1. Exactly one condition in (1) of a type in the set (Lys, Arg); (2) surrounded by 14 or more Cβ atoms within 10 Å (Cβ to Cβ); (3) out of contact with any Pro (no Cβ under 7 Å at 6 or more places or on another chain) is false for residue 184; which is it?
2. In this structure, is residue 175 modelled with pLDDT of 95 or more and either among the small types (Gly, Ala, Ser) or exposed (fewer than 14 other Cβ atoms within 10 Å of the Cβ) (or both)?
3. Where residues in the range 133-149 are small (Gly, Ala, Ser) and surrounded by 12 or more Cβ atoms within 10 Å (Cβ to Cβ), which of them is farthest from residue 170 (Cα to Cα)?
4. In the range 190-212, which residue that is in contact with a Ser or Thr (Cβ under 6 Å, 6 or more places away or on another chain) and more than 14 Å from residue 247 (Cα to Cα) is surrounded by the most Cβ atoms within 10 Å (Cβ to Cβ)?
5. Any residue that is modelled with pLDDT under 95 and among the aliphatic types (A, V, I, L, M) - is there at least one of those in the range 192-206?
6. Which residue pairs have Cβ atoms under 8 Å apart, sit 6 or more places apart or on different chains, and have a first residue in the range 235-249 that is part of a helix (DSSP H, G or I) and a second that is at pLDDT below 95 and among the polar types (S, T, N, Q)?
7. Do we have residue 241 as closer than 24 Å to residue 94 by Cα and among the hydroxyl-bearing types (Ser, Thr, Tyr) here?
8. For the range 14-124, list the strands (runs of 3 or more DSSP E) that sit wholly inside it and hold at least 3 residues that are hydrophobic (A, V, I, L, M, F, W, C) and either free of Cβ contacts under 8 Å to residues at least 60 places away in the same chain or under 17 Å from residue 159 (Cβ atoms) (or both); which are they?
Amino acid sequence: MMSRLGVQLLAFGQRQRDDLAGVLAEVKQVGYDGAEVGGDGHGLLAAEVLTAAFRDAGLSLTGVHVGYGDCANAARVAELIAFLKQAGSRFLICSGVEDLSTISGYEASADTFNTVGQMCLDAGLTFCYHNHAWEFQPLEGGKQGIYTLLDRTCPTLVKLTIDVFWLHISGVNPAAFIARYADRVGYYHFKDGAKTPDGQTFIELGQGDVDLVGARDEALKHPLGWIVCEQDSSQLEPRTSIKQSFDYLKQIGL
């Protein structure tokens with residue numbers, strides 16, 4: 001089973017809101033099978049509007065990416081679930097926790113995520129938590145928030161959107177993490193970049209320091225519906241950026 005390839009529309013900035021049809025046409029021309037949107041913008045659009053735009057472009061909506069505040073609001077979760085079902089998509093993805101500076105913040109977030117995960121499961125959808133690097137920072141007692149989340153959430157209810165770049169930045173080998181939590185993966189975010197004196201920089205796939213080939217090898221042992229390219233920012237024009245990344249994904253056999 002080969003995963004389909006998607007792209008996060010974050011790369012297009014404000015244009016994804018002002019010219020969604022044009023953006024999706026470019027995504028299709030490059031060769032992607034689908035695209036992921038953020039709930040801060042398109043999650044509030046009428047589902048029929050977004051669905052029509054994706055249908056006209058011949059693309060699938062891979063999922064909707066939201067923040068913790070959305071997940072802590074049951075009415076908002078219900079709205080997002082209805083949106084996903086109408087739009088014909090399966091994944092609700094969350095970044096963020098109640099308080100990233102304390103283990104108790106992660107514990108409270110785990111309870112929230114179990115609730116959201118159950119709501120999604122009941123609706124035939126999948127809820128995923130998207131990692132960054134800060135979940136791996138040691139907190140009180142040397143505990144790391146990511147493992148508190150994983151230990152306190154139900155594997156059936158809460159999956160992972162594994163971002164291989166942020167694993168790399170946190171000092172964790174992406175392939176090893178995928179292997180360890182294969183039963184928790186919802187889908188993958190492939191991203192590349194490098195550490196810098198100021199933190200990190202984002203680079204098109206195959207041009208940074210992330211072991212994407214190793215991540216690919218492990219991901220193909222646990223195939224899923226989507227591998228999504230996520231480029232937070234780029235020095236290149238968006239279409240050029242996403243094409244370079246797409247060409248690399250095809251080059252490594254995805």
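The values are calculated or read from the model by the stated rules, or taken from the named source; none is laboratory data. No experiment lies behind these values; they were computed from the predicted model shown. Cβ sites come from the backbone with ideal geometry, for glycine too, and all protein chains shown count toward neighbours.
1. Against the list (1) of a type in the set (Lys, Arg); (2) surrounded by 14 or more Cβ atoms within 10 Å (Cβ to Cβ); (3) out of contact with any Pro (no Cβ under 7 Å at 6 or more places or on another chain), residue 184 comes up short only on (3).
2. Yes; evaluated as a whole, the condition is true for this residue.
3. The selected residue is 145.
4. Result: 193.
5. Within the range 192-206, one or more residues are modelled with pLDDT under 95 and among the aliphatic types (A, V, I, L, M).
6. What qualifies is 241/231; 241/234; 242/231; 245/231.
7. It is false that residue 241 is closer than 24 Å to residue 94 by Cα and among the hydroxyl-bearing types (Ser, Thr, Tyr).
8. 60-67, 91-95
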